[in-house]
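The values are calculated or read from the model by the stated rules, or taken from the named source; none is laboratory data. All values reported here derive from a predicted model rather than from experimental measurement. Backbone-built Cβ (ideal geometry, glycine too); neighbour counts: all protein chains shown.
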Amino acid sequence: MLEIVLATRNGDKIREIKKLLNDTNARFFSLEDFPGCPEVVEDGETLEANAKKKALVVSQYTKKLSLAEDTGLEVESLGGAPGIHSARFAGEEVTYEDNNRKLLKLMEKVPLEERRAKFRCVAALASPDGRVVTCEGLCEGIIALEMKGESGFGYDPLFLLPEYGKTFAELGEDIKNRISHRAQALRKIKKIINKL
């Protein structure tokens with residue numbers, strides 16, 4: 001059986017990734033299983049650079065395949081922000097709610113028709129010999145006028161899908177895990193894993 005280390009300490013992401021990849025021929029570990037693994041500084045200029053760096057560092061440390069992903073929310077009226085800074089949009093050591101509140105504050109005068117946004121996810125699968133492959137997923141929506149819904153994490157209460165008339169947080173995990181940016185990227189990665 002393949003052994004793959006998920007290169008994240010974010011429990012929400014770990015749960016979502018494991019659920020999305022539950023039908024692969026792999027056993028998944030987290031960084032909790034490798035307490036000495038170095039903290040990776042996400043200083044890349046792109047989601048792809050950050051995902052690759054995380055996957056490679058963890059793979060070389062653990063001597064196993066490693067799967068990393070980096071996700072960004074790109075809001076059109078903010079010139080693509082928060083983008084690669086999505087997790088730390090409101091500063092270091094902030095909550096999801098802090099980031100959501102900052103986004104709402106910046107957009108309080110932006111009309112609904114100008115609130116277009118994209119969730120972009122780049123997943124990277126690296127092997128200890130330095131090889132790495134990346135796959136991308138993209139989901140388009142708009143930024144809601146207020147937070148709605150209880151499920152999910154991150155910007156899910158604000159990311160509204162017009163075709164459903166609901167935010168990711170209102171849709172629930174089953175629908176989100178069919179259509180999200182992360183689901184799309186990981187579907188492509190799953191094909192690669194299943195060929196290994």
From the residues in segment 163-196 that are at pLDDT below 95 and assigned to a loop (DSSP other than H, G, I, E, B), which one is farthest from LEU21 (Cα to Cα)? GLY172
Identity of the residue in segment 159-196, in contact with a strand residue (DSSP E or B) (Cβ under 7 Å, 6 or more places away or on another chain) and β-branched (Val, Ile, Thr), that ends up surrounded by the fewest Cβ atoms within 10 Å (Cβ to Cβ): ILE192
In segment 49-79, what residues are closer than 13 Å to ARG120 by Cβ and over 16 Å from the mean Cα position of the chain (by Cα)? GLU76
State all residues of segment 1-43 that are assigned to a loop (DSSP other than H, G, I, E, B), in contact with a Ser or Thr (Cβ under 8 Å, 6 or more places away or on another chain), of a type in the set (A, V, I, L, M, F, W, C) and under 18 Å from THR134 (Cα atoms); if no residue qualifies, say none. ALA7
Modelled with pLDDT of 95 or more, closer than 18 Å to LYS13 by Cβ and either in contact with a strand residue (DSSP E or B) (Cβ under 9 Å, 6 or more places away or on another chain) or aromatic (Phe, Trp, Tyr) (or both), is that true of SER86? yes
Tell me, please, whether a residue that is over 19 Å from LYS148 (Cβ atoms), in contact with a Lys or Arg (Cβ under 9 Å, 6 or more places away or on another chain) and either surrounded by fewer than 17 Cβ atoms within 10 Å (Cβ to Cβ) or without any contact (Cβ under 8 Å) to a residue 12 or more places away in the chain (or both) can be found in segment 67-76. yes
For segment 131-154, state whether one or more residues are under 23 Å from ASP43 (Cβ atoms), polar (S, T, N, Q) and either at pLDDT 95 or above or assigned to a loop (DSSP other than H, G, I, E, B) (or both). yes
